[in-house]
Amino acid sequence: MSQFTVVTKLWPTGASLDTGTDETTLTVPPSASFNRHAANFVVSPDGTHNYQFLFWNTGRHVTNKRHVHWDFSVGGWGIWTATKWYGTPGPTGGNQPWVDVEPFTIGGDALITGSGTAIDAAASTIPAGAFPYSGNDHQIGTAGGAVTVVAKDPFASLEFAGWDQLMFGGDDTGEFDETDAGGGPGSASFFPVGGGPFHVNQNGGANLLALYGNHAKSNLGSILKDLGDILTKPGPISRVDPSPEDRLRLAILEGLLLQTRPGAVETGGLQALTEAAPRMSLDDLNAALKSVQTTLALGNTTISALQAQIKAKTPGK
């Protein structure tokens, strides 16, 4: 059994807006379809504020379209949550001579905080003295010239998944089509990956979400697998007169060892499981727990084997 749920959140805090319960329990396959149209405005529960539509997090993508259609044919993902985001209408980057970039995690359905700016200043085209704008490292000024902003990739252990330009009221034309083909929540194929530089003309402005999806590929599991492959290649590595192949193997090995230093590894795979846990079914949770326990057990075995070899090959031991 799976569940399709629609919730409403307030930008930028992520506070819940009570707009009623929208939950459907379903069995997939067979296939199931859902259509939801976000109202332009919603009223706060106490009736004192009007909030205007900004974007949907469909569960896999972010879109300004107010109408979204979901087709589910794979299933097995537990709880699929789609979120309507609303905010307080007011001045936007489109009316100000600056570009504002806020990093947003699709899987976490929230702003990424505490990790600094998502702007790759070295790769972006920025007028002299325009960044940070008025001391804000999430903004670039455009009064001095056009801006082409590039997002950091990866950022906070996540891969860049593209841009979304915030516009109050969104786009009320057409619809955005979403499916569960290619993976469910938390899987490596779940999030889109891609998106090039974003250009803003001189004196122009934009409020941008830098969207981040699946975790960067460098996680502990892949590092250990690559390290094992390297160490089991036939033939010793000569550090005195290494062949081109040996030099490549040494570079890869040294790079992997550098990544495994304490504090150097982003805990991509484990963090992905942590974020996906609330959306997993009981069976998925049990399977994930077994996988982590197995990985830790193998890691301990590897540590013991390495320590034994170090002891055996240390002079005087």
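The values are calculated or read from the model by the stated rules, or taken from the named source; none is laboratory data. None of these values were measured; they are calculated from a predicted model. With ideal geometry, Cβ positions are generated from the backbone for all residues, glycine too; neighbour counts draw on all protein chains shown.
General remarks:
- Residue ID - surrounded by the most Cβ atoms within 10 Å (Cβ to Cβ), chosen from residues in the stretch 1-37 that are among the hydrophobic types (A, V, I, L, M, F, W, C) and farther than 22 Å from LYS65 by Cβ: VAL28
- Of all positions in the stretch 18-37, none carries a residue that is within 29 Å of LEU208 (Cα to Cα) and among the aliphatic types (A, V, I, L, M).
- Some residue of the stretch 34-54 being in contact with a His (Cβ under 6 Å, 6 or more places away or on another chain) and either without any contact (Cβ under 8 Å) to a residue 24 or more places away in the chain or not charged (D, E, K, R) (or both): yes
- Residue in the stretch 44-80 that is surrounded by the fewest Cβ atoms within 10 Å (Cβ to Cβ), counting only those that are of a type in the set (Ser, Thr, Tyr) and more than 21 Å from GLN3 (Cβ to Cβ): THR48
- Residues of the stretch 104-119 that are free of Cβ contacts under 8 Å to residues at least 40 places away in the same chain and polar (S, T, N, Q): THR113, THR117.
Yes/no per residue for (1) out of contact with any Gly (no Cβ under 8 Å at 6 or more places or on another chain); (2) in a strand (DSSP E or B); (3) crowded, with 19+ Cβ neighbours inside 10 Å:
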{"site": "PRO103", "(1), (2), (3)": "yes, yes, yes"}
{"site": "GLY108", "(1), (2), (3)": "yes, no, no"}
{"site": "THR113", "(1), (2), (3)": "yes, no, no"}
{"site": "GLY116", "(1), (2), (3)": "yes, no, no"}
{"site": "ALA121", "(1), (2), (3)": "yes, no, no"}
{"site": "ALA128", "(1), (2), (3)": "no, no, no"}
{"site": "ILE140", "(1), (2), (3)": "yes, yes, yes"}
{"site": "GLY144", "(1), (2), (3)": "no, no, no"}
{"site": "ASP153", "(1), (2), (3)": "yes, no, no"}
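- Whenever a residue of the stretch 120-141 is within 21 Å of PHE104 (Cα to Cα) and assigned by TED's automatic domain parsing to the domain that holds ALA206, its partners that are in a loop (DSSP other than H, G, I, E, B) and among the aromatic types (Phe, Trp, Tyr), lying with C-beta atoms within less than 6 angstrom and at least six residues away or across chains, give the pairs ALA121/PHE131; ILE140/PHE131.
- For ALA82: the one exception among (1) under 25 Å from the mean Cα position of the chain (by Cα); (2) among the small types (Gly, Ala, Ser); (3) at pLDDT below 95: (3)
- For the stretch 155-180, the candidate set comprises residues that are of a type in the set (Asp, Glu) and part of a loop (DSSP other than H, G, I, E, B); within that set, the residue that is farthest from the chain's Cα centre (by Cα) is ASP172.
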